[in-house]
Amino acid sequence: MIQTQSAEPRSALVTGASSGIGAATAHRLTTDGWQVFALARRAEKLEHLAEQEGIVPIVCDVTDREQVDEALAQVTAEGGIDTLINNAGGALGVDPVAQGRVDDWEWMFRTNVLGTLHVTQTFLPMLRAHGEGTVLNLTSTAGITAYEGGAGYCAAKSGQHALTSTLRLEEAEHNVRVIEVLPGLVQTEEFTAKRLRGDTAAADAVYQGVEKPLTAEDVAEVIAHAVNLPHHVNLDQIVMRPVAQAAQHKVIRTG
Ligand code: 8X3
């Protein structure tokens, strides 16, 4: 049996930590004894995390390099990290390419791709200096499979997927492992509602009849497993879906 990583205290930065997979990951890691710096854009959404021991909330928009630099200063002052979890991102719109809104595409590229770039570039020197650094990027099955109405999101996640694969090749010589988690259908309070511009009825329909979509906690469990493994074990790419979603186009619905 593989032993999990040593008892040495671990410390992670989690972006997009105010809700969904980010918040669940922050909670999950603290239960394993990690210190977690929880980054999010919205201060009021971070308040509930501040109450949990082991979590240091930091207000930061990952698309703003100056704010990311300020986050680095705070994390440095408070002991640093060995693990970076790039979770911030999201989807906007389900339009076909013919009608896709350029603003939506730009937002998706800024948050998913450039946000990951800003935070990764900023924290890489710290991760290299640690000697056993880890970067975990939360992408999506949309990054490896196209589907109708998904072009903007698929393109952004595909870009983040390519960034992640490249980073793994480049950072191995610095002993920084690079993990990619690619979830399929995950039901969270915000992801689909935001994508569908607040149309909660349409958002509910996405999950209708799917008995058990993945939850944020399911994904957090997998992330925790991957980063708790001994550092020489690199789970390169973890594709995870609910059993009811055999493929992007094949979702089993009951009722
Ligand atoms: C979300 C997965 O299937 O909505 O990252 O594109 S999907």
Per-region count, region 202-255, residues of a type in the set (Asp, Glu) and outside any helix (DSSP H, G or I): 2
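Yes/no per residue for (1) under 30 Å from Asn228 (Cβ atoms); (2) small (Gly, Ala, Ser):
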| position | (1), (2) |
| --- | --- |
| Thr83 | yes, no |
| Asn86 | yes, no |
| Ala91 | yes, yes |
| Val94 | no, no |
| Val97 | no, no |
| Arg101 | no, no |
| Phe109 | no, no |
| Thr116 | yes, no |
| Val119 | yes, no |
Sole residue being closer than 26 Å to Gly115 by Cα and either in contact with a strand residue (DSSP E or B) (Cβ under 7 Å, 6 or more places away or on another chain) or crowded, with 16+ Cβ neighbours inside 10 Å (or both), chosen from Ala216, Ala162: Ala216
Top-ranked residue in region 219-250 [being within 13 Å of the ligand (Cβ to nearest atom) and either touching a His at 6+ places or on another chain (Cβ under 9 Å) or farther than 20 Å from Glu189 by Cα (or both); ranked as most open to solvent (accessible area, probe 1.4 Å)]: His249
Subset tally (residues that are among the aromatic types (Phe, Trp, Tyr) and within 20 Å of Ala23 (Cα to Cα)) for region 145-194: 1
Residue in region 113-128 that is hydroxyl-bearing (Ser, Thr, Tyr), more than 13 Å from the chain's Cα centre (by Cα) and closer than 30 Å to Ile252 by Cβ present: no
Options Gln121, Gln187: the member that is under 26 Å from Leu72 (Cβ atoms), open to solvent by 70 Å² or more (accessible area, probe 1.4 Å) and polar (S, T, N, Q): Gln121
Members of region 3-17 found to be touching a helix residue (DSSP H, G or I) at 6+ places or on another chain (Cβ under 7 Å), at pLDDT 95 or above and at negative phi, listed by number: Ala12, Leu13, Val14, Thr15, Ala17
Within region 97-196, helices (runs of 4 or more DSSP H) holding 1 or more residues that are closer than 25 Å to Ala40 by Cα and within 13 Å of the ligand (Cβ to nearest atom): 102-108, 151-171, 191-195
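The values are calculated or read from the model by the stated rules, or taken from the named source; none is laboratory data. On a predicted model such as this, the values are computed, not experimentally measured, just so you know. Neighbour counts are summed over all protein chains in view; Cβ atoms, including those assigned to glycine, are modelled from backbone coordinates with ideal geometry. All accessible areas refer to the heavy atoms of the entire protein, side chains included, with ligands and DNA or RNA removed. Shrake-Rupley method; radii C 1.70, N 1.55, O 1.52, S 1.80 Å.
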